[in-house]
Each structure stands twice: as structure tokens, then as C-alpha cells.
1. Under 7 Å between Cβ atoms, at least 6 apart or on separate chains: pull out the pairs that start in segment 3-28 with a residue that is within 12 Å of residue 52 (Cα to Cα) and end on any residue that is assigned to a helix (DSSP H, G or I) and modelled with pLDDT of 95 or more.
2. Considering 51, 72, 65, which residue is more than 25 Å from residue 4 (Cα to Cα) and touching a residue at least 40 places away in the same chain (Cβ under 8 Å)?
3. Out of segment 58-89, which residues are among the charged types (D, E, K, R) and surrounded by 20 or more Cβ atoms within 10 Å (Cβ to Cβ)?
4. Residues in segment 92-104: is at least one closer than 14 Å to residue 40 by Cα, modelled with pLDDT of 95 or more and of a type outside the set (A, V, I, L, M)?
5. Of everything in segment 43-56 that's under 21 Å from residue 20 (Cα atoms) and in contact with a Ser or Thr (Cβ under 6 Å, 6 or more places away or on another chain), which residue is surrounded by the fewest Cβ atoms within 10 Å (Cβ to Cβ)?
6. Return the total of residues in segment 14-27 being under 11 Å from residue 69 (Cβ atoms) and surrounded by 14 or more Cβ atoms within 10 Å (Cβ to Cβ).
Amino acid sequence: MCKNLETREGVLEILFTISDRKTSLKVKIAQQKRCIERLIGLIATGSQTPNEEKISKFAALTLANLNLAPSNRHHIVPYEQELALIASTDEKTCKIIAEILSDLDTYQVYAK
């Protein structure tokens, strides 16, 4: 994790763009060690400054893109409680997180 917010924002913007491509890329990104955990951590940091707000939003949008690949949902399910807490406290990303949670809820029903 880079401490420079502008660099972090730029990297997330690139990751977001890549994650909006083919399903196979979404799966490869999600399989990277600690990827989902770090994205959720970036979302959870909130938005005290405009740069942090962009970072949080890019992280949420990237996670939403990864969530579009059904095979990635088992990577995201362990973080469902954290996502619910974020959705209830962060008005900037709550709609994005709510959609992810809705997909996870549907996934868990069918997985059982």
C-alpha cells in the first residue's frame, strides 16, 4: 500500500478499469492474495478528504466489478459483516455496497 494518496488513487483507477473487462480478468484479480481484504479496507477508511473519497469510491466500484463474476463471491462472503457496517455508515458508497450485499445474499441462498 502506497502512502501517497495520488498514487493510490491512480492505481485504483487503473485496477477499476481493468476489473470492468472480461470475467476471466475479474477472477484473476480476485484471486490475488489479500486483494478483497485490501479493497474493503480502502472502502472502510472513509472519505475525510476529496482524494480519500475518490479512493474509497474506486475501491467500492472495483469490488462491485469483481462481484459480477459469480465465482468470486466466495472470496467476498467472509467480509459480509464488514460490508454491512460500511453500508450503514458511509453514505458515499452505501448504494454500491448494498448491491454487493444483495448479490451475496442471493449467492448464499443458491449455494446452500
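1. Going by the 7 Å Cβ cut-off, the qualifying pairs are 9/58; 12/58; 12/59; 12/62.
2. On the way: 51 fails: more than 25 Å from residue 4 (Cα to Cα); 65 fails: more than 25 Å from residue 4 (Cα to Cα).
The match here is 72.
3. Of segment 58-89, the ones among the charged types (D, E, K, R) are 73, 80, 82.
Residue satisfying the conditions is 73 alone.
4. no
5. Residues of segment 43-56 that are under 21 Å from residue 20 (Cα atoms), as a first pass: 43, 53-56.
Still in the running and in contact with a Ser or Thr (Cβ under 6 Å, 6 or more places away or on another chain): 43, 53, 56.
Numbers: 43: 28, 53: 16, 56: 23.
If we take residues in segment 43-56 being under 21 Å from residue 20 (Cα atoms) and in contact with a Ser or Thr (Cβ under 6 Å, 6 or more places away or on another chain), then 53 is surrounded by the fewest Cβ atoms within 10 Å (Cβ to Cβ).
6. Within segment 14-27, residues that are under 11 Å from residue 69 (Cβ atoms) and surrounded by 14 or more Cβ atoms within 10 Å (Cβ to Cβ) number 4.
The values are calculated or read from the model by the stated rules, or taken from the named source; none is laboratory data. Note that the coordinates shown come from a computational prediction; the quantities given were computed from them, not determined experimentally. Glycine gets a Cβ as well: all are built from the backbone with ideal geometry, and neighbour counts include every protein chain shown.
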